[in-house]
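Have a look at the structure below before the remarks.
The values are calculated or read from the model by the stated rules, or taken from the named source; none is laboratory data. Owing to the predicted nature of the structure, the values given are computational and were not obtained by experimental measurement. Here the Cβ positions follow ideal geometry from the backbone for every residue, glycine too, while neighbour counts run over all protein chains shown. Heavy atoms of the whole protein, side chains included, go into the accessibility calculation; ligands, DNA and RNA do not. Shrake-Rupley method; radii C 1.70, N 1.55, O 1.52, S 1.80 Å.
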Amino acid sequence: MEYNFREIEKKWEKEWYEKGIYEPDLDNPNEPFYNLMMFPYPSAEGLHVGNMYAFVGSDIYGRFKRMQGKDVFEPMGLDGFGIHSENYALKVDAHPMELSKKSEEHFYEQLKMIGNGFAWKERLETYKPEYYKWTQWVFKEMFNHGLAYRKKSPVNWCPSCKTVLADEQVISGKCERCNGQVERREFSQWFFRITEYADRLLDDLQKIDWSKIIKTAQRNWIGRSYGSMIDFGIKNFDSKIKVFTTRPDTLFGATYVVLSPEHKLVEKLKTKAENTEEVERYAEKAKNKTEQERIAEEKGKTGVEIKGVKAINPINNEEIPIYIADYVLASYGTGAIMAVPAHDERDYDFAKKYNIPIIEVIKPSFPDKTKKGELYEGEGVLLNSGEYNGISSEEAREKITDKVEGETHTNYHLRDWLISRQRYWGTPIPLIFCAKCAERIKNNESGIREKLNQGEKENPGWFAAPDNDLPIELPNIEEFRPTGTEKSPLATVESFYKTKCPKCKGEAIRETDVSDTFLDSAWYYFRYVDVNNKEEVFSDKRIKTWLPVDMYIGGAEHAVLHLLYTRFVTKAFHDWGIINFDEPFTRFRAHGLLIKEGAKMSKSKGNVVNPDEYISKYGADSLRMYLMFLAPFEEGGDFRDSGMKGITRFLNRVWRMLNEANIGKDDEEIIKTLHQTIKKATEDVEELKYNTAISSIMILLNKMEGETFSRKTAEAFLKLLAPFAPHVTEELWCRLGNENSIHKAEWPKFDPEKIKEEMFDLIIQINGKLKNTIKIEKGITKEEAEKRALESEKVKNYIDKEKVKKVIFVENKLINFVI
RNA sequence: GCCCGGAUGGUGAAAUUGGUAGACACGAGGGACUUAAAAUCCCUUGGGAUGUCCUCCCAUGCGAGUUCGAGUCUCGCUCCGGGCACCA
């Protein structure tokens, strides 16, 4: 008698939804527990099994907490704005606004079938005006607080997506969305000042319980390094070249200085150079190179000396050449470096190529095999360094910095968040530019002290749109395709961009770029608890009740994207005084990657698992359990069709056993196994080790099958299984005569008395090798164990001939004779 | 190049953190039921030797080491996956 999962799953989904059993009381919960999962991009192709894998893993944890008495809040929504969705619309030649309606419907329909305990009333979609009104509010506040600024600088440009990208969205020189080659362009763009939070983002990692891989990735990405700023004089010039170095101890070995081609001083210095034209040509060429071209040349570095102009090494006043070379980045440090070829591989390669002297100034304190010929990048003791000879690198760093009047300085790999996009399908940036005000503010001609906020001061002429105007709605336009220029398609829509200056009421224009979609998702977890609030972004009370998020589960691919942005936004909210915590997620766990038959799932390989198919064939409970059983959730797993069989078989056995159950007295063995299983499953689920939790439940079933047990035992069994297979357990629970949902029932507790063993298997080893095991009473003494062990025939054969040198005894575990 | 993971049967994986390696499943083989198949149930299943229900040897990517005892700890490699990458 197999169970009809189609009927049962449908029935309970409907019942749960109607009764709202997964809707906590948001205003007055007893024990609030915010269980969050990363919301999906609703691609029109539908829910991916990878999404389902993540959601189910998160849901099991939520169900577990709910049964432990928590008021679990588990919301779901759609992150539908952004290049990803828009690119898909372009591909299928549809309008993103139309397409989003279809994807939304399809997605929610699928999400309703996977058996998750979602709080459906609180859903949100980032592309709806009632949501992005508040994304605009966040942007506006960023601006008003001086965390948004406009700047012309070299930026990442994706020619295929026709937009600029943030640093985090360029993966190995390629676009995170379309995988196309990213180029460099010099544009005026909006940035969020995330670097202002670099130290806190780094240091506060200590106080959150997150997967290690994410913390490591963030640490590396923020990339804090301590060093010194040192000025190099220029012969016959007033200007100085400021460089950042982490190794001021090697200053005596600095035999040349390099400016990045974009460095401000290049303009000035080249006029006095003997080879002005050559320098100009090089700088021009370098600027137009793509990142990829620069990287391709990594091994063969290029550069040009600014002939006739010399820098002066401040430590020994020696004149050294100045080069421009594109191996020096304009965007890191000061865009200029002191080159120490003996102690830096890049400088070494360059010096070799251009015949620049190499002076060794550090030698290892003890033989160090990282020293390769003339090149040594480690620390050590100084030489060829005048009065500093013989002292350690560490000491020299401080002394030499002081001597040349340098300053200690901290640098970060992290760059400011480039937030504007030249695309259509996103949140319009709620800023307005007034040329008249810009002039006045720049010249301060009126002489009147204007009350300007930080953003207005830094960006003359720019103002946030008035609150009453929010949301600034994204117009429904025919021609939404990216233009390929510095402007978004909205720049062609006069009715959109023409507006009044909030300051002088004169004519002004709106910003026509939209914001990066990662801004939409950087704050959504705040909104979930108060989605219907029309007055404010969220109510203080709800936030205090529910946040920070207790458990967040999602993919590791967002380590330095979403998971960094959310922390930044939360810290900003904290500093504005609207929340009283500064980390969004107390606990975060990254799930692993789900692959198919040993290979990554991809459309081109045609090995994408469609969850709908499996749900209709095997049921949601089976698919859920299989996904969780195949490997540890945090490590990811290999989906094989054959594996579904075992789980289906298991659920059918459960069904049969409980329908045909011999309810009566409990067998002693069953009670023991039950309590062992409760202990094991409770510990494992807490650690997200669902695979072993399921296996322990299987062991329990194997024990119970065909035996007599009490109703209480049957119920405990179902409860343990309930988070994994919510439908079938609910049905069986109901058939046992229960009226309330199993998902609101209390998670079983194990009784230590019940799993207490009187006997144990004493392991008898000789020289550490297993020879025998004997059943013996717990708590036995060493002497007694020794005596009993020696009585066994197998042991006698070994021991008789030789003398026992030593006996190792581990209580209640083993005895080892060393002979 | 740097930083994280990882490597265990035919397969997915377990192993109380130094104490019986391979739990739980899949697959395979054999058997029962059946006219037959599916489903279900039972048995066997790391490799080898011996040949009889008993025993021995070898086995956790490779090589050393620590230890009474190592899948687990240390050092040195190899391979695979992921992240970052001219960041001074």
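Taking every DSSP bridge with both residues inside chain A, close to 75 percent are antiparallel. Using 1/(1 + (r/R0)^6) with R0 = 51 angstrom and r between the beta carbons of A:LYS307 and A:VAL92, what's the FRET efficiency to the nearest 0.05? Efficiency for this residue pair is about 0.35.
In this simple spin-label approximation, A:GLU319 and A:LYS451 carry label points 7 Å from Cα along the Cα→Cβ vector, and these lie 6.0 nm apart. For region A:258-276 versus region A:170-193, the spacing of their alpha-carbon centroids is 27 Å.
Potential lengthening of the chain between A:ASN144 and A:GLU267 amounts to 40.8 nm, from the contour at 0.36 nm per residue minus the alpha-carbon distance. Between A:TYR17 and A:LYS487, the contour length at 0.36 nm per residue exceeds the alpha carbon distance by 164.6 nm.
Work out the length of the dipole vector of chain A about its Cα centre, built from +1 on the beta-carbon of each Lys and Arg and -1 on the beta-carbon of each Asp and Glu, and round it to the nearest 20 debye.
Details: 124 positive and 134 negative charges, 183 e Å.
For this selection, approximately 880 debye.
How many percent of Cα pairs in region A:345-465 exceed 18 Å? So the pairs more than 18 Å apart make up 74 percent of the total in region A:345-465. Secondary-structure-derived ellipticity at 222 nm for chain A, considering helices only, amounts to -10500 deg cm²/dmol, per-run term -39500 (n - 2.57) for DSSP H runs with n ≥ 4. Of the peptides A:186-192, A:316-322, the order by per-residue mean of other Cβ atoms within 10 Å, starting with the highest, comes out as A:186-192, A:316-322.
With an 8 Å Cα cut-off and a minimum separation of 6 or more residues, compute the relative contact order for chain A in percent. Worked out over chain A, it gives 15 percent. Across region A:707-819, Cα pairs under 8 Å and at least six residues apart give a relative contact order of 21 percent. For A:SER58, the solvent-accessible surface with a 1.4 Å probe is about 0 Å², rounded to the nearest 10.
Net charge near A:THR781, counting Lys/Arg +1 and Asp/Glu -1 over other residues with Cβ under 10 Å of its Cβ?
Overall, the nearby charge balance is -2.
With a ≥ b ≥ c the root eigenvalues of the C-alpha gyration tensor of region A:380-424, is it rounded (a/c under 1.5), prolate (a/b larger than b/c) or oblate? Because a/c hits 1.5 or more and a/b exceeds b/c, region A:380-424 counts as prolate. Model label sites at A:ASN444 and A:LYS152, defined 7 Å from Cα along the beta-carbon direction, differ in position by 2.3 nm.
Dipole orientation for chain A: of the candidates A:ILE543, A:LEU111, A:HIS145, A:LEU111 has the Cα lying most toward the positive pole (charges on Cβ; Lys, Arg +1; Asp, Glu -1). Shape class of region A:61-147 from the Cα gyration tensor (axes a ≥ b ≥ c, square roots of the eigenvalues): oblate, since a/c reaches 1.5 or more and a/b does not exceed b/c. For chain A, the longest principal axis of the Cα atoms and the long axis of helix A:49-67 meet at an angle of about 60 degrees.
The charge dipole of region A:460-582, taken about the Cα centre with unit charges on the Cβ atoms of Lys, Arg (+1) and Asp, Glu (-1), comes to about 280 debye, rounded to the nearest 20. Relative to the dominant Cα principal axis of chain A, helix A:276-288 is inclined by about 30°.
Counting only alpha carbon atoms, the long axis of helix A:644-659 and the longest principal axis of chain A meet at about 40°.
Ordered by solvent-accessible area of protein heavy atoms (1.4 Å probe), largest first, the residues A:TYR376, A:TYR17, A:TYR354 come out as A:TYR17, A:TYR354, A:TYR376. P(r) tail, region A:496-598: Cα-Cα pairs separated by more than 16 Å, 68% of all pairs. From a point 7 Å beyond the Cα of A:LYS672 in the direction of its Cβ, which residues of region A:716-744 have a backbone N at a distance under 20 Å? Output list for this probe position: A:717. On full extension, the segment bounded by A:GLU777 and A:LYS806 gains 8.1 nm, given 0.36 nm per residue less the C-alpha separation. For chain A, the residue among A:TRP134, A:TRP190, A:LEU26 whose Cα projects farthest onto the positive side of the dipole built from Cβ charges is A:TRP190. A simple spin-label model places pseudo-atoms 7 Å from Cα toward Cβ; at A:ASN652 and A:LEU790 they are separated by 5.8 nm. Considering all different alpha carbon pairs of chain A, the Kirkwood hydrodynamic radius works out to 31.5 Å. For a straight C-alpha distance cut-off of 23 angstrom, the lysines reachable from A:LYS242 (same-chain residues fewer than eight places away being disregarded) are A:LYS151, A:LYS152, A:LYS264, A:LYS268, A:LYS270, A:LYS272, A:LYS287, A:LYS301, A:LYS307, A:LYS310, A:LYS399, A:LYS403.
Here r is the Cβ-Cβ distance between A:SER710 and A:ASP25 and R0 is 30 Å; the resulting FRET efficiency, rounded to 0.05, is 0.30. Rg and Dmax, both from the Cα atoms of region A:1-120 and both in Å, are 16.4, 50.
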